[in-house]
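This report refers to the structure that appears directly beneath it.
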Amino acid sequence: MSGVAMRSQPVQRKDMPTEARPMLLVVIECSDDPEHVRRADDSRHALDSTRYLDPIQEVFAEFGVIPIYVVGFPIVDDETSWQPLARLLAGGRCLIGAHLNPRVTPPCGESGTPPDASTDRPAPSLHHANLNVLTERITDRFGVRPILYHAGRSGPGPGAATELRGLGCQFYASVIAHDDCRDFDGRALWEGAAAPCWFDQTGGILELPATAGFTGLARKLGPRLYPAISGRWPRFLRLPAIFARAGILQWVRLSPEAATVDEAKRVTRTLMQEGLGVFQLTFHATSLMPRGAAYPRPDHDRNRLTAWIRQYLAFFCHDMAGTPAVPQQVLESIRGATPPPADLAPMHVLMCCNALYFQHLSVALVSLAEHTPTRSINVIVVVGADNPEAQRKLLQAMMRYPRMTLNFRVFSPDPALSLPVLHHYTLDIYTRLWVEDFFDETVERVLYLDSDLVVTDSLEALWTIDLDGHTIGAVSIPGSTRGSVYGIPEAYGYFNSGVLLIDMTHWRSSKAFSRVLGYIAENRAILNDPDQDALNATLYNERLALDYTWNVISSFYFAYHDLRTPQAEIQRVRRDARIVHFNGASKPWSYFSRHPRRGDYYRYLRLTPWRDFRPADQTLVNRFRRAAGWALPEFIKRRLRG
């Protein structure tokens, strides 16, 4: 089925949060298609369109617009064409989508074009290959997979929803509302509404139609009347123009290439009165080129087009109290993620990372964002040294989550402290102890998270838990006997420090930082996990024991030691885990990892620029070892492990 045929009930503004402001998306097609440019004899001319984006980007910056550029294969295959977009993306000034034109995307049919090139419809046998080639090329160029897919007016073809989900795509933006596009069954789509709707029946991909609607005295009859007056012979008789000039009925598309700014304002007011809450303004990058566009009316040039967009944005944002948006914000509103009330404080999160852990940090952050749809998140990432490339990729991964803000701080403990570094640890393990230096004094609560974990459910209940006067909240390690080494009474237990909920008021007033550092200095000889041991020894009686599900460590999955916990409780923790912490040896990024939840790691990894990661130990020899491991006796397995 095509995406249109699978449409479910459209989502109108009345179905969105009542306090939600109208949202405006801006989608720009970067096309190389000769039909989109006047100089059809010069294919190079079309590829140059991305060189002319600076003036329009200045307008976007003025109104806070982050446009989505949907790019085709020839654009991303040409270095001078994709680099201007890559610079905008790296600066957080745009998003990238995919535009599949099967005529110019490999592989093509034997004749060099798909069998049905006249309609731009990819042959079913080629569509999957075309889509994969385009997606991988975009990923290679930009370091991020496209979250939005544009297939042209005819739709993407049978089975596309499954393909798009598999590629991590969240949004489909091909249909023009109330336009006479046709799907693969040949049915006209005049009934297509302007409101977003689900592209697939599972609700995994949101369709965002290009905005168009009817104005005039007979606008309510538009979906039925307009098809009758816009066929071949009625157009020959100029009936659409006559009806429009008489004020009876006019179909208007929200684009500087198709409407005057007054027409665009008029249709916006009409659709807003009818309850539409999401608008999409569209045009082609070639319209910004000298002699570039075939679409604008004759009196349009790129300066007038830029002025058109500035006028319309001022109208939408100021006169109509609308707001620019990115697709993820639309999705959150439709799913009921209302903007947080003014008195609802953001979730403050601290994470510390060295150069080797950025990939794993991206998984932790994406999983946190995916499960926190209703609250803003302020994340401070502390690094030992600037890593521009990794930081850029991490910021790209977070661009689809507008509720999350990400700030980097460079910090290393003072070498004069001579903090002990044991086993595989680095100095980064101590960074969290300086938590009060990373957050403003007005911040009352901070959630510290290790980088080697995934969030598997909402943390709202954890964030809002009453610490009841305790300095920290943390999860005990069941069955641990470590506390006795540090003089901790057995009743208090010994906690894992990979997830800490910190009451900053108590932390500051009790001088917890100084006490923990002092303990480290005085007890270096007995420390094993130095930071965790010192936190336990210092704060054991100031710690609220949290439920195991907030930090499900690997000992719940592997027999590292006796948990001294009923099997039913272990099963509950595994089933209801909110945070899975990959501490210990079985890291999911290892080829030999047997962790039952390693799939969660890779599920969120696919939403990051590190999605193509392959374990370094995935060698031919190790593949044989793992394949043969099930059948070999234990003594041989030990020999192979070396």
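Ordered by solvent-accessible area of protein heavy atoms (1.4 Å probe), largest first, the residues 492, 604 come out as 492, 604.
Site pair residue 576 and residue 304 shows an inter-label distance of 6.6 nm when each label is modelled 7 Å from Cα along Cα→Cβ. Taking amide H as placed 1.01 Å from N in the peptide plane, residue 172 has its amide H under 5 Å from the amide H of 149, 206, 207, 208, each at least 5 places away in sequence or on another chain. 3J(HN,Hα) couplings calculated from phi for the range 209-218 with the Karplus curve 6.51 cos²θ - 1.76 cosθ + 1.60 (θ = phi - 60°) are, in sequence order, x, 5, 6, 7, x, 10, 10, x, 4, 9 Hz; Gly and Pro show x. Compactness check for the range 417-477: Cα Rg over 2.2 N^0.38 Å is 1.37. Modelled this way, with points 7 Å down the Cα-to-C-beta line, the labels at residue 262 and residue 93 are 3.4 nm from one another. Which shape class, rounded, prolate or oblate, goes with the range 215-282 when its Cα gyration tensor gives a ≥ b ≥ c as root eigenvalues, a/c under 1.5 marks rounded, and past that a/b bigger than b/c marks prolate? The shape class here is prolate. A Förster radius of 60 Å combined with the Cβ-Cβ distance from residue 57 to residue 541 puts the calculated FRET efficiency at roughly 0.60.
Only Cα pairs under 8 Å and 6+ residues apart enter the sum, and on that basis the relative contact order of the range 442-560 stands at 35 percent.
For residue 395, the solvent-accessible surface computed with a 1.4 Å probe is close to 80 Å², ligands and nucleic acids excluded. Note on the range 421-492: with charges restricted to the Cβ of Lys and Arg (+1) and Asp and Glu (-1), its dipole about the Cα centre is near 400 debye. In this structure residue 265 has an accessible area near 40 Å², from a 1.4 Å probe over the protein heavy atoms.
Rounded, prolate or oblate, given the Cα gyration tensor of the range 474-551, with a/c below 1.5 counting as rounded?
oblate
Whole percent per 10 Å bin, from 0 to the bin with the longest distance: what is P(r) over all C-alpha pairs of the range 377-528? Result returned by the calculation: 8, 33, 39, 17, 2. So for the range 557-601, taking the charge dipole from beta-carbon charges (+1 Lys/Arg, -1 Asp/Glu), which of 601, 566, 579 sits furthest toward the positive end? The one lying farthest along the dipole's positive direction is 601. The phi torsions of the range 428-445, fed into the Karplus equation with coefficients 6.51, -1.76 and 1.60 and a -60° offset, translate into couplings of 4, 5, 8, 4, 4, 5, 8, 3, 5, 7, 9, 10, 4, 5, 6, 6, 9, 8 Hz, rounded to whole numbers, with Gly and Pro shown as x. Compared with the alpha-carbon gap, the fully stretched path from residue 221 to residue 79 is longer by 46.2 nm at 0.36 nm per residue. A quarter of the convex hull surface defined by the alpha-carbon atoms of the range 339-437 gives 7.3 nm² as the mean projection.
If R0 equals 56 Å, the separation of the Cβ atoms of residue 624 and residue 320 corresponds to a calculated FRET efficiency of about 0.30. Modelled spin-label separation between residue 440 and residue 414, with each label point placed 7 Å from Cα along the Cα-to-Cβ direction: 2.7 nm. Rounded to the nearest 0.05, the FRET efficiency derived from the C-beta distance between residue 461 and residue 242 at R0 = 45 Å is 0.10. Computed extension length for residue 233-residue 508: 91.1 nm, one decimal, from 0.36 nm per residue of separation with the Cα-Cα distance subtracted. Taking all protein chains together and a 1.4 Å probe, the residues 128, 595 rank 128, 595 from largest to smallest accessible area. Residue separation of residue 405 and residue 525 scaled by 0.36 nm, minus their Cα-Cα distance, works out to 39.1 nm of gained length. Of the residues 135, 442, 374, the one with the largest accessible area comes first in the ranking 442, 374, 135, computed with a 1.4 Å probe on protein heavy atoms.
Whole-Hz Karplus values for the range 541-555 come out as 8, 10, 10, 8, 6, 8, 4, 4, 5, 7, 6, 7, 7, 5, 5 Hz, taken residue by residue from phi with 6.51 cos²θ - 1.76 cosθ + 1.60 and θ = phi - 60°; glycine and proline positions read x.
The values are calculated or read from the model by the stated rules, or taken from the named source; none is laboratory data. Because the structure is predicted, anything quoted here is derived from the model rather than measured. Ideal geometry is used to build each Cβ from the backbone, glycine not excepted, and the neighbour counts take in all protein chains shown. These area figures cover heavy atoms from the full protein model, side chains too; ligands, DNA and RNA do not enter into them. Shrake-Rupley method; radii C 1.70, N 1.55, O 1.52, S 1.80 Å.
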